[in-house]
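Working notes, structure below.
Nothing in this text is a laboratory measurement; each read-out follows from the coordinates by a stated rule. Because the structure is predicted, anything quoted here is derived from the model rather than measured. With ideal geometry, Cβ positions are generated from the backbone for all residues, glycine too; neighbour counts draw on all protein chains shown.
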């Protein structure tokens, strides 16, 4: 574990790096890291700040109820989602991005309830994945401004899909996580690469795997 003072510069640099890649423009996105497990506390980006200029003093600490305990400003409205992911996945860091490709695919596959990705070598960048034949099922949840409901929906999706490495909010963006900030950043890079590949393929050919295609592949829902 770390302190807010140790985590804040790392999260701020992460936010700026994701902005530079086009994955967290303007005030979009939020980023967190566990700084204490018992009692639980997160370092998380402040609400409404420009991610291209994210500074350490724009990172604050919240408790297990999402209440600010250190730092200045208002925590992200989606803090409850970060807390839900940390609890369900024992994650050490959670990153939320709003890229063009993850937003487009969340709409293109939204009615299917998820996006199936299979056959790409880059899948092996996801923790525990050893083959390009892995089928990653990315659940897609409806967006809402009711953040308690969003948190409950996220918990339900994570429990239904225990092998998932990320999830999409429809028209909103990606949530992914890792054992630590480094692994979470790697997962963002892997997913954003795959989303762009799948999105461009869909644009060129109309191909997008559906739940029927998943069933034909052996009924897998993202687990191998």
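Fewest first, what order do 175, 147 take by the number of other Cβ atoms within 10 Å? Write down the numbers at each step before the final one.
Numbers: 175 27, 147 15.
Final ranking by Cβ density, sparse to dense: 147, 175.
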Tell me the angle of helix 4-20 to the major Cα principal axis of the chain, expressed in degrees between 0 and 90 and rounded to the nearest ten.
40
Treat the count of other C-beta atoms within 10 Å as a stand-in for reagent exposure and order 122, 150 from fewest to most.
122, 150
Between segment 143-166 and segment 66-130, the alpha-carbon center distance in angstrom
10
Helix axis angle, 79-89 relative to the chain longest principal axis, alpha carbon, degrees:
60
Cα extents of segment 1-112 along the three principal axes, largest first (Å)
40, 31, 21
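Using just the helices of the chain, give the 222 nm mean residue ellipticity in deg cm²/dmol: DSSP H runs with n ≥ 4 each add -39,500 (n - 2.57), and the total is spread over all residues, rounded to 500.
Numbers: 6 runs with 82 residues, N = 224.
Helix contribution divided over all residues of the chain: -11500 deg cm²/dmol.
Of 77, 65, how do they rank once you tally other Cβ atoms within 10 Å and put the fewest first?
Result, fewest neighbours first: 65, 77.
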Go through 2-9, 191-198, 112-119 and give me the packing order, highest mean Cβ count within 10 Å leading.
191-198, 112-119, 2-9
